[in-house]
Amino acid sequence: MEHIVQFAVGIDDDRIQKLMEEAAAKQIIDDIKEASHGKSYYGNTLNDEPKNLREIFKEEIAQYVKDHADEVISMVVAEVSKNMMKTKKVKEAIERITE
């Protein structure tokens, strides 16, 4: 005797993607914590002072600024000038020049 069984499987791609992103984010955070704080044999962090992480970031930021100096300077100048234009003294100076 033969039986025909039909069934449907629904796969929620968005949910799977979200779970994978969360797992990857947790793994990255754990790796950064381990690199910065160290890890004991039992999995506990060794210290609360992230000196290692601070040094890693200092080196990476310095290298990025060195490699992309022109872009960084342009962005800084644009941001500073945008903020300065909002100040009262700059507005007064522009008014004096235009009069």
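What number of residues within segment 55-86 satisfy the criterion of being outside any helix (DSSP H, G or I) and modelled with pLDDT of 85 or more?
Of segment 55-86, the ones outside any helix (DSSP H, G or I) are 68, 85-86.
Pick out the ones that are also modelled with pLDDT of 85 or more and you get 68.
Adding up the residues that qualify gives 1.
Taking the condition of being surrounded by 10 or more Cβ atoms within 10 Å (Cβ to Cβ) and out of contact with any helix residue (DSSP H, G or I) (no Cβ under 7 Å at 6 or more places or on another chain), how many residues in segment 68-91 meet it? Working first, answer last.
The initial filter retains those residues of segment 68-91 that are surrounded by 10 or more Cβ atoms within 10 Å (Cβ to Cβ), namely 68-69, 71-81, 83-85, 87, 90-91.
With the extra rule that they be out of contact with any helix residue (DSSP H, G or I) (no Cβ under 7 Å at 6 or more places or on another chain), the set shrinks to 68-69, 71, 73-81, 83, 85, 87, 91.
Number of matching residues: 16.
The values are calculated or read from the model by the stated rules, or taken from the named source; none is laboratory data. These numbers come from a predicted model, not from an experiment. Cβ coordinates were reconstructed from backbone atoms using ideal geometry, including for glycine residues, and neighbour counts include every protein chain displayed.
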